[in-house]
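Data block below; observations after.
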Amino acid sequence: QVQLVESGGGLVQAGGSLRRSCAASGSTIRGTSMGWYRQASGHQREFVATITSNGSTNYATSVKGRFTISRDNVRNTIYLQMNSLEPEDSAVYYCRYGFIVGRTYWGQGTQVTVSS
């Protein structure tokens, strides 16, 4: 069983930055694709960014150029650096481990609120 513990959410003004962390336990993240998703109030959960086991990244159009996903296999942790935040980025952000049916786990989610 994989457990994901997220940290780094909170309240920030528009234009500011936040760094999210997601620490995994119970299994190594090495060799596993990881990702960040978000869900705004009244909306479905949506893709934000992914990073493969070899470090290749992919971003949603809405965050490209502002957000950076990274991983530290030694610390068994992934990160999401969020810059130039906009009120539209306000959501609960979730860390995702794996993209295989039956082998996918989610973090508890943490609120990010961007004030205008």
Margin query: Can you tell me, using C-alpha contacts under 8 Å and at least 6 residues apart, the relative contact order of the chain as a whole percent?
Written below: 36 percent
Note to self: Need the full-extension length gain, THR52 to ALA40, defined as separation in residues times 0.36 nm minus the C-alpha distance. One decimal, nm.
What the structure shows: 1.8 nm
Notebook entry, point to check: For the chain, what is the accessible area per residue in Å², given a 1.4 Å probe and the full set of protein chains?
Noted result: 52 Å²
Check: Among bridges DSSP assigns within the chain, what percent are antiparallel (round to 5)?
Finding: 90 percent
Notebook entry, point to check: Relative contact order of the stretch 30-82: what whole-number percent is it, with Cα pairs under 8 angstrom and at least 6 residues apart?
Noted result: 28 percent
Note to self: Counting C-alpha atoms alone, how compact is the stretch 27-89: give Rg to one decimal and Dmax as a whole number, in angstrom.
What the structure shows: 12.4, 37
Margin query: If you roll a 1.4 angstrom probe over the protein chains with everything in place, what fraction of the accessible area of the chain belongs to carbon and sulfur, to the nearest %?
Written below: 47 percent
Item checked: Separation of the THR113 and LEU11 label points, Cα + 7 Å toward Cβ, nm -> 0.5 nm
Next item on the list: Can you pull a Stokes-Einstein diffusion coefficient for the chain at 10 °C (1.306 mPa s), Rh from Kirkwood over Cα pairs, as a whole number of µm²/s?
Entry: 113 µm²/s
Check: Say R0 is 25 Å: what FRET efficiency, to the nearest 0.05, do GLN81 and THR28 get from their beta-carbon distance?
Finding: 0.65
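The values are calculated or read from the model by the stated rules, or taken from the named source; none is laboratory data. Quantities reported herein were computed from a predicted structural model and do not represent experimental measurements. Cβ coordinates were reconstructed from backbone atoms using ideal geometry, including for glycine residues, and neighbour counts include every protein chain displayed. Calculation scope for accessible area: heavy atoms of the full protein, side chains included, ligands and nucleic acids excluded. Shrake-Rupley method; radii C 1.70, N 1.55, O 1.52, S 1.80 Å.
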